[in-house]
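Presented below is the structure to which this report refers.
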Amino acid sequence: MNWKNHFKNKIELDFTTKIFKPMNLLFVCRYNEMRSCTAETIYTEEGYPVRSAGTEIGASVNLSNDIILWADLIFVMEEKQK
């Protein structure tokens with residue numbers, strides 16, 4: 001048996017049959033009024049699953065553990081939010 005071809009075919013088969021899902025994106029700013037909402041709108045129009053939230057009390061959508069756990073990738077708008 002030619003092992004090189006065996007593994008090559010298996011890798012190609014696994015790669016071609018794998019279904020990739022888009023990453024859940026989360027954008028965070030202070031009040032969830034401008035920056036993170038704008039980013040959410042742009043990436044939603046591109047077809048990504050997106051949410052946005054704010055870190056301050058009174059934000060339109062407050063950042064929560066549930067939102068953080070939902071996200072695969074989190075973008076913050078300010079250095080202190082890292």
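Bear in mind these aren't lab numbers, they're just calculated from the coordinates by the rules spelled out. Keep in mind that this is a model prediction, so the values were computed, not measured. Cβ sites come from the backbone with ideal geometry, for glycine too, and all protein chains shown count toward neighbours.
Data overview
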{"read-out": "Neighbour-count ranking [beta-carbon atoms within 10 angstrom, fewest first] of Ile57, Ile42", "value": "Ile57, Ile42"}
{"read-out": "Net charge over other residues, Cβ less than 10 angstrom from the Cβ of Ala59 (K, R count +1; D, E count -1)", "value": "-1"}
{"read-out": "Local electrostatic count at Ala39 - Lys and Arg +1, Asp and Glu -1, tallied over other residues with Cβ under 14 Å", "value": "-2"}
{"read-out": "Under 12 Å, Cβ to Cβ, from Val50 - net charge with Lys/Arg +1 and Asp/Glu -1", "value": "-3"}
{"read-out": "Modelled FRET efficiency - R0 22 Å, Asn65 with Met23, Cβ distances, 0.05 increments", "value": "0.70"}
{"read-out": "Contour minus Cα-Cα distance for Lys82 and Met34 (0.36 nm per residue)", "value": "15.4 nm"}
